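Have a look at the structure below, then the notes.
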Amino acid sequence: MLDIPRMNKGFVARRKELHILEKCFKSDLKRAAIIHGFGGIGKTAFATRFEQKMGEYFDGTFGMKCTSSTRPEDILTKVNDFLIMNGRYELSQIINQQVSFEVKSSVLVGILNHFRFLIIFDSFEDCLSEDRNEIQNPELKAFILYLLNNTISNTKVIITSRYDFDPMESKLSESIEHISLSELHFPQTNWLMNNYNELATLDLQKKKQLYDVIGGNPWAVGQFARLASVQGVDDLLLDLQSLKKELIEFTLLEKSFSKLDSDTKKTFSLRFSL
């Protein structure tokens, strides 16, 4: 049950990161992972690609897109629907009863420890505080902490976020893997370009020129291809204002930009004269 988009084709690179996460989960060294990186870098695609790569290892996968209004009750309700689809009715038997949320959470954890599920919380940055260091909603913060602190076997959790953070508040923080996704290098970006009709037929020199201008952000490459289908590659290279505007709005939001490391800031500043 995935309420997030799954990339069934066109995924490139990230083999090292996929291998790290697979090793961490299969060995039970880690119970959860924070997949972080700025907008458009491919965090959701990475999470769903991992789910596909693991094949039958997990008994089922639950994924939901988080928003600033996401509450623990919302998660519990959606996870319950997922469990019912997988033939587990223990939570549904009490979810509408007059019992505390703590009891319901305990029942959920018991199920997750017994079965090997993959839980994906996507776009979690919307749930973070203004300084991006912690979960803003106290009830959601307590629920995620309880979930990660008590789901000690079988089920694994992936959280994707533009910003890295510590959901365990330094308690058992070694049980959480943190994987940063950076820009693709040119060879991987070249493979990605081949997925777009507007870019696949370009010669290698032109692709390198394009890479030098927009870099290896998968979202930016896709947006360039979309705009190039109307404007043409050469004309768009000469006038990147339309792409620049969308890239700033989606990828380089002011707060997001302030969180980037100095080298990445320098790279984008040179490319787009921010």
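Protection proxy ranking, highest mean first, for peptides 29-36, 92-99: 29-36, 92-99, where packing is the per-residue count of other beta-carbon atoms within 10 Å, averaged. Each peptide among 132-140, 162-170 gets the average number of other Cβ atoms lying within 10 Å of its residues, and from highest to lowest they stand as 162-170, 132-140.
Rounded to the nearest 0.05, what FRET efficiency is calculated for residue 68 and residue 166 with R0 set to 25 Å and r the Cβ-Cβ distance? The pair residue 68/residue 166 has a calculated efficiency of 0.80. Between amide H atoms placed 1.01 Å from N, distances below 5 Å from residue 184 occur with 216, 217, all of them 5 or more places distant or on a separate chain. Residue-wise HN-Hα couplings along region 188-198, as the Karplus relation 6.51 cos²θ - 1.76 cosθ + 1.60 with θ = phi - 60° gives them from phi, are 5, 5, 4, 4, 5, 4, 5, 7, 10, 4, 5 Hz; Gly and Pro carry x.
Between residue 86 and residue 149, the modelled labels are 2.4 nm apart [label points 7 Å from Cα along Cα→Cβ].
In square angstrom, what is the accessible area per residue of region 1-159 with a 1.4 angstrom probe? Working shown, then result.
Working: 7420 Å² over 159 residues.
Ligands and nucleic acids excluded, the figure is 47 Å² per residue.
Database remark: amide H of residue 63 closer than 5 angstrom to the amide H of 2, 3, 120 (H placed geometrically; neighbours at sequence offset of 5 or more, or on other chains; Pro and chain starts carry no H). Computed from backbone phi, the HN-Hα couplings of region 145-155 come to 4, 5, 4, 6, 6, 10, 8, 9, 8, 6, 5 Hz, rounded to whole numbers (Karplus: 6.51 cos²θ - 1.76 cosθ + 1.60, θ = phi - 60°; Gly and Pro given as x). Sequence-ordered 3J(HN,Hα) estimates for region 168-185 from the Karplus curve with 6.51, -1.76 and 1.60 and θ = phi - 60° stand at 8, 6, 6, 8, 6, 4, 5, 8, 10, 8, 10, 10, 9, 9, 10, 4, 6, 6 Hz, glycine and proline given as x.
For residue 13, the shell of other residues with beta-carbons less than 11 Å away shows a net charge of +2, using +1 for Lys and Arg and -1 for Asp and Glu. Given a 1.4 Å probe and the protein chains as shown, residue 114 ends up with an accessible area of around 130 Å².
Near residue 116, the amide H atoms lying under 5 Å from its own belong to 59; only residues 5 or more places off or on other chains count, and H is placed 1.01 Å from N.
The values are calculated or read from the model by the stated rules, or taken from the named source; none is laboratory data. Bear in mind the structure is a predicted one, so any value in this text is a computation, not a measurement. For neighbour counting, all protein chains shown are included, and Cβ atoms are generated from backbone atoms with ideal geometry for every residue, glycine included. The accessibility values were calculated without ligands, DNA or RNA, using every heavy atom of the protein model including side chains. Shrake-Rupley method; radii C 1.70, N 1.55, O 1.52, S 1.80 Å.
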